[in-house]
Amino acid sequence: MNGIELRPMQASDRTEVTELIQLSTNTWYQTHGRPRLFSRGSDGVSLFFDVYEALDPGCGVVAVSRYSGRLAGSCFYHPRPTHVSLGIMNVHPNYFGGGVARALLQYGIDFAEQQGKPLRLVSSAMNLDSFSLYNRAGFVPQVLFQDMFLPVPEEGLPHRVPGDEKVRPADVSDVPAIDQIETDLIGISRAQDYRYFLENLDGLWHVSVYPDGRGGLEGFLASLNHPGFTMLGPGLARTEEQAAALLLAELNRCRGRVPVFLVPARCSGLVQQMYRWGAKNCEIHFSQVRGPCPPVQAVQMPTFLPESG
C-alpha cells in the first residue's frame, strides 16, 4: 500500500469522512447499475460520523495519502463488553483495489485480538468484493437478512397483529432488561447503545419494548428518524409474532417516510407479513463474526447505524 498511512480519526476529519462515505457508497451503487444510495447531499451521511463519535469517541481510523494528505479510506469500530463491532468502512474510488480496505480491516482485527474479543459486522451479500475481503480474513456468515423498505402513509399503517396492545415506548429504566434479553438470546452486551437511544439528546431515536409481564422483556426495537435517513433497528424478539408487533409500532413512528429495516430471511412468516403490508426488498446482508459466536436464539433485526452488534 505504497504512499498510504493509517492514523486515528480526528474531529477535524468530519467533513472529509462524510464526503468519502457519500462518494464511495454512491460510486459502488452506480457502477453496479443501481441508483445512488445517498441522494440528498450530505444531510444524512454526516450522521454516521456524529453518532459514532458520540457513542465511541476516537474509535475511528483513516487511511491518508502521504502525497496529498487527502483521505483514501475510513473505518469505525465499536468496543463492547462482549465483542468488537466493525462499523461502516469506505474507500475513495481512486483507491479501489489498492489494498486500503484490507489495511483498515486488519487494523480492526488487530484491535479485537488485543482485546481478546470476537469481531462482528453486517456486510452486503451483493458486494462480492467486500464479502471476499471479510471471508478471506476469517469472518464466517451467520444469519442472512433481507433489507426491506416500506412507505408508511401519513395516517399510519392500517394493521393489527396479535400482541400489538402489549408494546409500549421504552424509557431509560428499561436499559438493563434490554441488555439482558440481548445477552440471553444473542450473547452480546451493548447497554451503552440503548442508553444513548433512550436519553435521545438529539431527538432522533425511539425504542419500543414488548414486556413479558414478569418484569422482563420478550423483545425490543429501536428506530432512527432523521430528515436524511430513516431506519429501524437494532432489535430482537423471541417470536415472529412479537417481532411483527414491534415492527408495526416503530413503523408507525415513521409516518410519511420510507424506513428501511432488516429481517431474517429464515423467518418466512414475518417476511410474508411484511410483503402483505407493502414492503419490498432492496438489498441482502449477512451478519458475520470472526471468532466465537453463540447461536442466535431470536428474531434478530440489526441496523447500519450504529453497527455496534
* Structure fact -> Residue separation between residue 202 and residue 128 times 0.36 nm, minus their alpha-carbon distance, gives in nm 23.1 nm
* Structure fact -> Rounded to the nearest 5, the percent of antiparallel DSSP beta bridges in the stretch 4-117 equals 100 percent
* **Exposed-loop-free span, longest in the chain, where trypsin sites (Lys or Arg not before Pro) count as exposed if DSSP calls them loop and at most 14 other C-beta atoms lie within 10 Å** => 71-159
* Structure fact -> The distance between the Cα centres of the stretch 108-128 and the stretch 211-281, in whole Å, is 25 Å
* Structure fact -> Taking 65, 85, 12 and counting other beta carbon atoms within 10 angstrom, the fewest-first order is 12, 65, 85
* Given the Cα-Cα distance of residue 136 and residue 7 and 0.36 nm per residue of separation, how much length would full extension add, in nm? -> 44.0 nm
* **Order of 83, 206 under a 10 Å beta carbon neighbour criterion, fewest first** => 206, 83
* Asked: What's the Cα-based Rg to Rh of the stretch 194-309, Rh via Kirkwood?
  -> 0.95
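Just subtract the alpha-carbon distance of residue 160 and residue 272 from 0.36 nm times their residue separation and send over the number in nm, one decimal. Can you show the working numbers first?
On the way: separation 112, 0.36 × 112 = 40.32 nm, distance 1.52 nm.
In short, 38.8 nm is gained.
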* **Alpha carbon convex hull of the stretch 89-210, projected area averaged over orientations, nm²** => 11.5 nm²
* Asked: Can you give the helix-only mean residue ellipticity at 222 nm for the chain, where every DSSP H stretch with n ≥ 4 adds -39500 (n - 2.57) and the sum goes over all residues, rounded to the nearest 500 deg cm²/dmol?
  -> -9500 deg cm²/dmol
* Structure fact -> With Cα springs under 10 Å, the Gaussian network model of the chain assigns the largest mean-square fluctuation among 119, 86, 185 to 185
* In percent, what relative contact order does the chain have, based on Cα pairs under 8 Å that are 6 or more apart in sequence? -> 22 percent
* For the stretch 4-117, which semi-axes, largest first and in whole Å, follow from the square roots of 5 times the eigenvalues of its Cα gyration tensor? -> 23, 17, 14
* Roughly what % antiparallel, to the nearest 5, for the DSSP beta bridges in the chain? -> 95 percent
* Asked: Suppose every K and R has +1 on its Cβ and every D and E has -1 on its Cβ; what is the size of the dipole of the chain about the Cα centre, in Debye to the nearest 20?
  -> 700 debye
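Every number in this text was worked out from the coordinates using simple rules, so none of it is lab data. Computed from a prediction, not measured in an experiment: that's the story for all the values here. Every residue, glycine among them, receives a Cβ derived from its backbone with ideal geometry; neighbour counts consider all protein chains shown.
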